[in-house]
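In what follows, a single structure is set out as structure tokens and then discussed.
The values are calculated or read from the model by the stated rules, or taken from the named source; none is laboratory data. All of these numbers come straight from a predicted model, not from anything done at the bench. Cβ placement follows ideal geometry from the backbone for every residue including glycine, while neighbour counts extend to all protein chains displayed.
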């Protein structure tokens, strides 16, 4: 019995050790096998360019965080190994660094664009056979050490010659995988080794055109080994003179032959055009066939005798066959013999089912809506193994001989559609039909050119409630994703959603109510990581939805913070933290651990005071949430604990808002860490006579202040937004943030743009307009990316450090005559701007300015109001954006701040403007109040500037209003200032202006100041006397009260002495009797 017990105990101990030991071994295997897709860490080596043509001056290593967002790199090391000796020749500690907002991190030469975060001298990265390895955790790395796999996260062994060997490096870092060849013959210019998805979603490497800081140019493994080509892009002619082309995709740098391009008329199903295809594909695998023109060279022109336009409108098809043109004839019936690929498209016309069955069996025709969206192409956006399927195409900007403009999973969101149906299993097989119907429904709502190619990773499952159809909704930008998500919500809430399409099924709005929902944090990878705190954007997200920090009165008992889970269902808040920061010391003053709580079934969760209705889940004492300038941040981490008094951090950050209830307050450090490149949110208490809040309305993007509006409070309810369905598209991706004008032959000292940190400016142009004829006289194409602050500076040589050099602007002296404008256009869609008339088509943002106060209406008025500059023309001046998009005038004259936050006039430094003017006739003012007030503002600004030379503009005049009775015009309002010094100068001007008569000419009407009306009747002394009077009243009252108390006390004493009490009737004990006798 004892032996048996001992054996059982030993067996239990062994089993316990095995249970502990096996996970440790598994974890080591995950780290030591970087070839496995499910690596422990989410940071990967994404691209390497070790060998450049000639001298190695453009080397780089690109890391990528699979969250696609900014992520700290603390704990990571990048080590470079020499294959000759297998020793480390360079070690880089990544502590303190962070990936950019897209998840990229660059190390390399100074000539690489965008500029790397870590700069190497030229010829630092050896060509091979060598290796680059990424480690995590271990800290005793040193140069000259032997290659090791301890702590290994990822590695690549590379070479530049086929005969090179690196057996030791391969056996330690990447066993069972050969060294990768950076083949210099792949491209005439430069090439790099890039990470791509291979078969079965495993990571592989390919040689491609270098793409530092951007998505890699990947081609599927099936296409890399293919000998044929596919239809990649089709651009029909939407207006006379446009470039018409068909682009094919095949193996890179490969000669194509024995192919025939055939065009088919949809109604007759007959061939109306055919041509032989031959030629060498580009290094990117593209072959351009099109009409001959000067702008874009083609690889193979259309025949000279072909009609124009060649691609017909209506219902038609394009097909690619193996063979030669002798096998085809005009009027020949369409055939499936030797068919490689086909695209059937229509312009809202019915397509012959037989044509679809021949060319694209089981698929619908592609609806080409170029007539609605303008100059667009049908572009393939699913790679090369998919043929004869119109659903892989999207409408996009034309990209001849370039990679297609496709939706990206970087801008994505998971959506689910729940269908109640009698036979669920049959519907599982009809997923293509569901996607097609959903794409058509979304496109009808948002007119975004949506197609099935916008959906990725679709899945259909049968549950008790019916069919749950889930997919990843992708987009080309944050703005488009927001529009698509809003369209999807509108679809589910619309009456017609009850009978989705024409099928015998109904849509259930609360899709996740009974379906299984993964309780991963928003943006959390499905692959567990010890260092990754943020979740992938394709999953539903937990966001800060509404903040009410400031209540009317002094009770502050209806404060709250509302969170919202975009999946709109119960969501577990385990490992989430809500942290409240003080803007004065940038430290946490309140930390709320949300573990143990859930959102309600609509996805809402409330933290707030007891006075809030409905009652919050977590109750805070009154006056807990500070009014600002402060911040509220939402964090997610399985390893970190957040504590009170901690310094603001970005580690584990999911969402944040930095806010104030006073316009003059600042919180620069909180903004820099929690919401870089953005302005502070202002809870304007003038929005409502009751209570108001900051509500998420415009976007579901975390840490984006432009997503919020000031609204009435709506705790536990949908936010009360204004036109939220159209707001995302109204927020330009690029804003003109500051324009600095000089008095030299170079008119612009610098131009500063503002946008999303890390976003690309490719595809946009900066265009300069003259108000004399309203035409563009110069333009420059934009390139590069926004800084981490969201700013981008364009300046000439010798000026501020630029992100892009500003060339000499042609006809620049004309900017001093009349009005001028600087505008940003979408270059992919806009035509050549040289000499074009000012237009709103494809306009992104514009700024109009003038030195003349009476320019009247002009050619540039369509861009918006003109900003009048009262400063002398020979003086340098900056126009800085100082307000939101809804204001009439958004720019103010200020000191230049290239690459820094703008210096704007403040309400807290306002000078009251109360003046009286004598006018011969009030009728002119009452008939044209807006025009006259605008003219008066310009006259006043000129007067202030002539008096103080302090740099002011119309933006400084706020809340201006007037009343005109008889011959007296009374003007009220404020003049804001940027500094105390400027406020003092403006105050001196006002006193001098109102103390003596000043003649003014406003649109031909003569005015003069009325001194008696304008001069206050000793307001200061009057107030002082009132204050003094109140003080004497209080003093007299206190003195009288004291005298009254003394009189009453004296009377009481006299009465007691005069009439003593009769003690014979009072019973006392012995001690009290003795005391009384005494």
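So here's what we get for this one:
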read-out: Check on residue 765, over 21 Å from the mean Cα position of the chain (by Cα) and under 26 Å from residue 835 (Cα atoms); value: no
read-out: Some residue of the range 315-327 being more than 12 Å from residue 260 (Cβ to Cβ), assigned to a loop (DSSP other than H, G, I, E, B) and out of contact with any strand residue (DSSP E or B) (no Cβ under 7 Å at 6 or more places or on another chain); value: no
read-out: Yes/no for residue 590 being without any contact (Cβ under 8 Å) to a residue 12 or more places away in the chain and assigned by TED's automatic domain parsing to the domain that holds residue 556; value: no
read-out: Subset of the range 687-701 that is assigned to a loop (DSSP other than H, G, I, E, B) and at pLDDT 80 or above - its residue that is farthest from residue 881 (Cα to Cα); value: 691
read-out: Residue in the range 412-431 that is surrounded by the fewest Cβ atoms within 10 Å (Cβ to Cβ), counting only those that are at pLDDT 75 or above and either over 22 Å from the mean Cα position of the chain (by Cα) or in the same structural domain as residue 381 (by TED's automatic domain parsing) (or both); value: 416
read-out: Verdict on residue 505 being surrounded by 15 or more Cβ atoms within 10 Å (Cβ to Cβ) and either at pLDDT 55 or above or closer than 30 Å to residue 732 by Cα (or both); value: yes
read-out: Residue match in the range 997-1015 (condition: closer than 16 Å to residue 910 by Cα, touching a residue at least 60 places away in the same chain (Cβ under 8 Å), not assigned by TED's automatic domain parsing to the domain that holds residue 849 and not in a loop (DSSP other than H, G, I, E, B)); value: no
read-out: Strands (runs of 3 or more DSSP E) enclosed by the range 616-686 - at least 3 residues per element that are not assigned by TED's automatic domain parsing to the domain that holds residue 573; value: none
read-out: Residue list for the range 281-296, restricted to those being surrounded by fewer than 20 Cβ atoms within 10 Å (Cβ to Cβ) and at pLDDT 90 or above; value: 289
read-out: Flag if residue 343 is in contact (Cβ under 8 Å) with a residue 12 or more places away in the chain and not in a strand (DSSP E or B); value: no
read-out: Pairs with Cβ under 7 Å, 6+ apart, first in the range 930-943 and over 14 Å from residue 917 (Cα atoms), second assigned to a helix (DSSP H, G or I); value: 938/954; 941/954; 943/993
read-out: Options 305, 348; residue that is over 44 Å from the mean Cα position of the chain (by Cα) and exposed (fewer than 14 other Cβ atoms within 10 Å of the Cβ); value: 305
read-out: Selection count, the range 293-307, where residues are within 21 Å of residue 403 (Cα to Cα) and either touching a helix residue (DSSP H, G or I) at 6+ places or on another chain (Cβ under 7 Å) or not in a strand (DSSP E or B) (or both); value: 7
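Each row is one residue, and each column tells you yes or no for (1) part of a strand (DSSP E or B); (2) modelled with pLDDT under 80.
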position: 962; (1), (2): yes, no
position: 1027; (1), (2): no, yes
position: 1043; (1), (2): no, no
position: 1053; (1), (2): no, yes
position: 1056; (1), (2): no, yes
position: 1067; (1), (2): no, yes
position: 1072; (1), (2): no, yes
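Listed here are the residues, each with its yes/no results for (1) in the same structural domain as residue 339 (by TED's automatic domain parsing); (2) outside any loop (DSSP other than H, G, I, E, B); (3) modelled with pLDDT of 85 or more; (4) more than 30 Å from residue 59 (Cα to Cα).
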position	(1), (2), (3), (4)
206	no, yes, no, no
210	no, no, no, no
214	no, no, no, no
228	yes, no, no, yes
234	yes, yes, yes, yes
239	yes, no, no, yes
256	yes, yes, yes, yes
